[in-house]
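Report on one structure; see the data block that follows.
The values are calculated or read from the model by the stated rules, or taken from the named source; none is laboratory data. Computed from a predicted model, the values in this text were never measured in an experiment. Neighbour counts run over all protein chains shown; Cβ positions are idealised from the backbone, glycine included. Just so you know, the surface numbers come from the protein's heavy atoms only, side chains and all, with ligands and any DNA or RNA stripped out. Shrake-Rupley method; radii C 1.70, N 1.55, O 1.52, S 1.80 Å.
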Amino acid sequence: MHEEEDGSEANSCTASRIVATKSVDVAELEGAKEQPSKLCGYLNKLSGKGPLRGYKPRWFVYDPRKCYLYYFKTPQDALPLGHIEIGDACFCYDVEGEEGQFEIRTAGKEFPLKAPSRQVMHYWLQQLQQKRWEYSNTRGSGQRDSWSSPTLAHPLTGLVDSIIFEKLSDSMEKVRSDFAMETETDGGGMVGIQSARGPSAASTNPLNSLKNIGTELRNSMSYLRQGRGVESRRSVFYTSNNSTEEWELVDAPPKDFPEQKHHPDTHRHSFGSAFTFDFVRNSARPKRPLLRDMMGSGRFGRSAETRSAESSPVECNGSKPLEMQLRLQSQQEELSRKLSFINQELVRLLQQTLRTSQCDRPTVQQITQLETLLQERDGQIQSLCGHMERLALEKDSLQQELKGLKIKVGEINDQLGMLMETIQAKDEVIIKLSQQSSEQSGNPNDASSLPPNKEQQELDILKDSLQGYKSQNKFLNKEILELTVLRRNAESREKALEAKYTALEAKLCQVESKYLVLLQEVKTPVCSSSEQSPAREVISRLLEDALQAEGPDQQEHPIFKPNTVSEYDVYGFKTVPEEEEEEEKLVAKVRALELKSLSMTNQEVSVGVKWENYLASTMNRDLVRSPELKALIRCGVPHEHRSQVWRWCVSFHVKKFRDHLAPDYYETLLNVAREKPNPASKQIELDLLRTLPNNKHYASPSAGGIQKLRNVLMAFSWRNPDIGYCQGLNRLAAIALLYLDQEDAFWSLIAIVEVFMPRDYYTKTLLGSQVDQRVFKDLMSEKLPRLHAHFEQYKVDFSLITFNWFLVVFVDSVVSDILFKIWDAFLYEGPKIIFRFALALFKYKEEEFLKLQDSTAIFKYLRYFTSTILDSRKLMSIAFVDMNPFPLRQIQNRRSFHLEKVRLELTELEAIRQTFLRERETSQDGRSFVSDDEEDN
């Protein structure tokens, strides 16, 4: 169901899939930053109800993630009025209709639209057909979930795998290009982002500039309201227009204005509110050009393009009562609005006065001011009541005048009907006489009695009509072709899904039969010394089936023999290790299946829908820090939007650095690294292949991420020569490169090292890392006292495990799905997230730790317990709910306290080391060397 235009929002949308894009090297950095052109512009949309129904300018924006065409009042609006589904729509237009008018027809609804010109209309139709064709082909690839969209408004620039869709066949594209209409440009600047800044169809109203300013203010204020969602961002206050001193309601509540369908057979036009005429021309009769010229395209309506005020006195007389009635209604509405506003202000003022009087005893001056204000309000009410009485008298006089005008209109309508019949009869007589004269005259040169100039005009009109019909024929042929292909694709997808369902059902039956045999054998075992037990045979078969790898037949027919677990996950990490034993492989495969099932829960789908709604509301603007965005990021960023969100988070944190540097700062550092030797380059080369060996992007020297990782680390070492390179930086940069390009990954490393973490965190002494471990121990004793006492009882130093958590932000410590959700919140909020999730991991497995009564068993469980945590929703609930309150000031104070203690300890250790070195040198200098014989004696 589509939502209505007035005040309604776009439907909940689903999360979107990924378009294949490759990250670029240094030479391609500039091209990677170019964003694809956005299909947007002004169109007139038919909306309203009854006599107020008409075309209104709307700003349309195409969203490729869901194949929706959103429409707004102005380009500055944050919330769309509604949307049109393009993926399953068809398009049409009438050659004889008004110029630029076309329709978009979806399931059960029609959207009449009007472009400024025929050229712009052709451009929109061509573009919408192309977008629908691309969307249908990506959807038809069979690699799209039921709740996700295949394309992205912001393509990924990192290393993570994307969906690679098959290219369209050349023959089909050639046929489509043959039927394509000829359009020169995009309509002379009437389509695109520039049209939002320049003059447009919406600028005809002189009040639009003031309304746009108010809209921008409301959009900016909507992010400052805490505790409100997208649905509640509407103002119900009244505002005043300084030029007219009239009150109008800002963002009135939504009204249901169902859009009426136009019937192409008849054209009904009304005069006023009660008189309707129907001039229907029989399609079987021949057209009369003389009558068409006299009637002005044969339509008696209120269209300003087909007639002028000087040639239509009947229309002026007919529309005068309607104007008077509307003016009277508007005056009454304005008066009622003024009264209601005054009453509201008076009640609010009285309530405020009452509250202040309850708190403090009012002074005599305040009472006097209040009495004066009440007297002024009483005077205003009296004057408005008098004004209302005068308006009532004026209303009575206008109603009497309206009755007289209606009688006159009726008489004029009767005369108009008689004149129309007379003109029609005369026209028929003229046509008959012209036909008889042409038949009687035998000379073909005398057949045409029209002057040469009129004959040339008729010929030009016929040529234009012929050209219009040719364009319409091409467009309709292309539309029929594409709709046929779309229908066939839908049928093939349905058949493929049925075949997949059948194959899965057969596989399930086979597995159930094996388990039944196994249960039967366990119930009544058959012992045999010479032969192997049947139960063992069944168990071995089940294990082989569970660990069976993809064969060539499965790759050729993935539908009939589906494989539920792929070799790599969506981030490029191996799901099943190769060098482990079969039992560990089976455990890894079970873990991958459980992660996949958790990612398909309703909660994950709802998070994707919330992100789609939020990004749709920010389609015309950049992201802004707000409580709503913070709550969404804490739920986890969907895979297809993570690149955009990470890029924005990094840019926000390093803006103070980048504003004072040259745009080519990163490329300059790379050039310096290539020309000059770097003392950190040797260690960087040693650690490249040891960074993420279980990720396919860094598994071999020829992998796509190795060179990019080398560039980022070398550039960072030249920016921070005091740090150079520290083990741990390579993993931070490698994770960032999965979703960001080289330059953004470089700035993300700067944000972590120079903004988030304290000084000396990644230096040789690792002073900041040692301080954080002591702060974490304090938090453990406060938040998890039982577990902390348990570790103290058995003298287990858990900092040997947690030290790496803080240094590399949980890389290689948790499963990939949880890792990237932690990074989402970490890049937005900072290092406090590490403490939250470190405590949450221990809280998640607290009962299991308390059951262990041996220090060796506890430390062994410490090494691998994080890999057994799979439910990211439960972990995030513990981190962001159970760990509250969690003030950052407390962490900073404890860091300062422990920093002084660690520095004193390091100073003492350095003094002890220096003393030991001096004593050893002294003992070596005073030592005498003797022979073996002397030593024996």
Inset, instruction - Compute the distance in nm between two label points, each set 7 Å from the Cα along the Cα-to-Cβ direction, one at Leu686 and one at Val347. - result: 7.8
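Please say if segment 691-739 is rounded, prolate or oblate, where rounded means a/c under 1.5 for a ≥ b ≥ c the square roots of the C-alpha gyration tensor eigenvalues, and otherwise the choice is prolate for a/b larger than b/c and oblate otherwise?
Values: a/c = 2.28, a/b = 1.96, b/c = 1.17.
Prolate, since a/c reaches 1.5 and a/b exceeds b/c.
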Inset, instruction - At 0.36 nm per residue, minus the direct Cα-Cα distance, what do Ala506 and Gln914 gain on full extension? Give it in nm, one decimal, please. - result: 139.3 nm
Inset, instruction - Treat each spin label as a single point 7 Å out from the Cα along the C-beta direction, and report the Glu847 to Leu516 distance in nm. - result: 3.7
Legend entry - Surface share of carbon and sulfur [accessible, 1.4 angstrom probe, percent] for segment 644-755: 54
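Going by average Cβ neighbours within 10 Å, how do the peptides 64-76, 44-56, 454-466 rank, with the highest at the top? Present the calculation step by step, with values, prior to reporting the outcome.
Numbers: 64-76: 22.4, 44-56: 15.4, 454-466: 11.2.
Ranking, from highest mean packing down: 64-76, 44-56, 454-466.
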Inset, instruction - Using the structure shown, select from Lys656/Lys682; Lys45/Lys454; Lys655/Lys764; Lys495/Lys696 the pairs with a Cα to Cα distance greater than 30 angstrom. - result: Lys656/Lys682; Lys45/Lys454; Lys495/Lys696
Legend entry - Estimated FRET transfer efficiency when R0 is 45 angstrom, pair Leu906-Asn602 (beta carbons, to 0.05): 0.30
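Taking R0 as 51 Å, what FRET efficiency do you get between Lys764 and Asp854 from their Cβ-Cβ distance, rounded to the nearest 0.05?
Working: r = 36 Å, r/R0 = 0.71.
FRET efficiency, Lys764 to Asp854: 0.90.
Taking R0 as 60 Å, what FRET efficiency do you get between Ala499 and Leu374 from their Cβ-Cβ distance, rounded to the nearest 0.05? Write out the running numbers ahead of the final one.
Working: r = 80 Å, r/R0 = 1.34.
Taking R0 as 60 Å, the efficiency between Ala499 and Leu374 is 0.15.
Filter the trypsin sites (Lys or Arg not before Pro) in segment 651-698 to those in DSSP coil with at most 13 other Cβ atoms within 10 Å of their Cβ, and list the result. Present the calculation step by step, with values, prior to reporting the outcome.
Details: sites: Lys655, Lys656, Arg658, Arg674, Lys682, Arg690, Lys696; in loops: Arg690, Lys696.
Of the trypsin sites (Lys or Arg not before Pro), the ones in loops of segment 651-698 whose Cβ has at most 13 other Cβ atoms within 10 Å are Arg690.
Quick one, can you get me the convex hull of the C-alpha atoms of segment 768-894 expressed as volume per residue in Å³?
100
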